[in-house]
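Everything below concerns the one structure shown next.
The values are calculated or read from the model by the stated rules, or taken from the named source; none is laboratory data. Note that this is a predicted model, so its numbers are computed, not measured. Note that we place each Cβ from the backbone using ideal geometry, even for glycine, and neighbour counts take in every protein chain shown.
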Amino acid sequence: MPAASHPEKDAKLIRGLSLLDSIMLLSGGIIGSGIFLTARDIAINTRTPLLFLSIWAIGMVITMLACFAFAEMGAMFPEAGGQYVYVREAYGEFVAFLYGWMIFTVSVAGTIAALGAGFATYIGSIFPALNASRAVLSLGALTLTRGHLVAVAAIAVQTIINIFGVRRGAILQNIATWAKFAAIAAFVVLGLAIGKGSWGHYSAALPRPENAPPLFSAMGVALIAVFWAYDGWVYITWSAGEVKDPQRNLPRALILGLTIVGVVYLAINAVYLYALPMTEIGSQEAVAQGAAVAMFSPRAANWLAAMIALSCFGAMASCINSGARVYYAMAEDGVFFRALAKVNPRWHTPVWSLILQGVWSVILVLSGRYDQLFTYVMFMMVLSYVLTVFAVFILRRKLPDAPRPYRCTGYPWFPALYVILGTIWAVNAMLEKPREAGAGIGIVLLGAPLYLFWRRKKDMATVQMSTIETNPK
């Protein structure tokens, strides 16, 4: 049939993201709620102000080692799906599917659900009428609260905006990210300039209990929280199919975006330490609000809640925009729902991929299980980064003559160092948190039977097509 009679099949993603858009997508996606919620766990494990701040620099440096490797592969394969594509090219379709399955079932949808719930919680603390804990409807074991409604509304609005074109999604994401940066800058500058704090907090450590784990193990546990806070840097690779001049802009976005986030994280934690001593940081769940109240007044808690709500909203915009491109790539390969590979001819977006992602995220919000699932899969996310960074070595041997517009900085030492450090961290995580690590592995392996199902369908379709071509009558 004429191509014009299949507009959805012929429609493609368009390259509408500039370098600035790409940096905003990456940095806005990373800075969500993690930086406001992890200080307590990190303080308990690092115990000294120097290590409390240094762990953020260490986390950034380790993550940057991975970014260098991803930048080479991103410039080689500037396609939608990013990391999924790199894993497929290096290890084959099955391993790539398991990665994509993890991204769909837990990582992205769990992140969207957690950010939506965080947004609802902090909005509810500002506006009592939207209080997240107030029940609206009870259906057996399920209690629908106003927080659920706000979270679902936020996910729905952002999904719809992203459906109507990559530029509209980018504009929303940029506005939210710039507003987030402005709020964080005000918190840092005003806190250090006029806030009621003490530089003496930088020399007071937490007492070390007798049963405390060795420093090496404690630092490894602290890095779990740090890696969670930094997670999201991979988003821009998922959206690589829509980045302008990706061979140049993708590596730049990865390196510049992560550097910006690292500086922001160090500045925020420096303010926490200026406002509160380590003993208080290690005993408060909401350290950011405690710091704001200590530096200014109890009324500052509402202002900080608005900043965190904005941060969650902006991170959700980046996650929704990028995550759907992974399922689109899987569907293009014939190992996921075929409808997810359709691109709307008018808006040039993977509409069904965005809708399915939104529906599953809403289900996780209503179930209230997203936090537990995401904790389980963080171990697997870092393991997937280690596997993908090692793919640089495989692809250098497998495709030696392939064009590499950007070559991994510090190759082979930097990627090798990341693989070693990431493996050590993974082993330590398995020893310290075996239940979470085991659950993460189990969630990923649940996708194996589904891969066999979709692979069989793909093979049958290939056979049918071959038969039609051989016997056209």
*asked:* Among the listed residues R88, R168, identify the single one that is charged (D, E, K, R), out of contact with any Lys or Arg (no Cβ under 8 Å at 6 or more places or on another chain) and either under 27 Å from P345 (Cα atoms) or loosely packed, with under 15 Cβ neighbours inside 10 Å (or both).
replied: R168
*asked:* For a quick check of your reading of the model, give me the residue pairs whose first member lies in region 221-232 and is within 10 Å of N45 (Cα to Cα), whose second is in a helix (DSSP H, G or I) and of a type in the set (S, T, N, Q), with beta-carbon atoms closer than 7 Å and at least 6 apart or on different chains.
replied: V221/N45; A222/N45; A222/T46
*Which number in (1) farther than 25 Å from Y84 by Cβ; (2) touching a Gly at 6+ places or on another chain (Cβ under 8 Å); (3) part of a helix (DSSP H, G or I) marks the one condition that V189 misses?*
(2)
*Where in region 11-80 are the helices (runs of 4 or more DSSP H), entirely inside, with at least 3 residues that are closer than 16 Å to I236 by Cα?*
19-30, 49-76
_Pair list, Cβ < 6 Å and 6+ apart or interchain, from region 88-109 residues that are assigned to a helix (DSSP H, G or I) to residues that are charged (D, E, K, R) and at pLDDT 90 or above_ = A96/R88
_Just to be sure before I move on: is D459 closer than 30 Å to T63 by Cα, modelled with pLDDT of 75 or more and surrounded by fewer than 17 Cβ atoms within 10 Å (Cβ to Cβ) in the structure I sent?_
no
*Considering only residues that are aliphatic (A, V, I, L, M) and closer than 16 Å to G29 by Cβ, look in region 309-352 and name the one that is surrounded by the fewest Cβ atoms within 10 Å (Cβ to Cβ).*
L310
*Scan S384, S367, S297 and give me the residue that is among the hydroxyl-bearing types (S, T, Y) and closer than 30 Å to V419 by Cβ.*
S384
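Matching residues to (1) more than 15 Å from T48 (Cα to Cα); (2) of a type outside the set (V, I, T):
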residue	(1), (2)
M219	no, yes
W228	yes, yes
Q247	yes, yes
T259	yes, no
*Are there any pairs, at least 6 apart or on different chains, whose C-beta atoms fall under 8 Å, with the first in region 116-144 and part of a strand (DSSP E or B) and the second at pLDDT below 70 and surrounded by fewer than 21 Cβ atoms within 10 Å (Cβ to Cβ), and if so, which?*
T143/A135; T143/L137; L144/A135; L144/V136; L144/L137; L144/S138
*Out of (1) more than 21 Å from the chain's Cα centre (by Cα); (2) at pLDDT below 85; (3) of a type in the set (G, A, S), the odd one out for G440 is which?*
(1)
_Please go through region 380-399 and give me each residue that is in a helix (DSSP H, G or I) and over 22 Å from the mean Cα position of the chain (by Cα), ordered by number._
F393, I394, L395, R396, R397, K398
*Evaluate region 115-129: report whether one residue or more is over 30 Å from S283 (Cβ atoms), among the hydrophobic types (A, V, I, L, M, F, W, C) and surrounded by 15 or more Cβ atoms within 10 Å (Cβ to Cβ).*
no
*Can you find a residue in region 23-35 that is in contact (Cβ under 8 Å) with a residue 24 or more places away in the chain, at positive phi and touching a Phe, Trp or Tyr at 6+ places or on another chain (Cβ under 6 Å)?*
no
_Could you tell me how many of the residues in region 256-314 are among the β-branched types (V, I, T) and over 24 Å from the mean Cα position of the chain (by Cα)?_
4
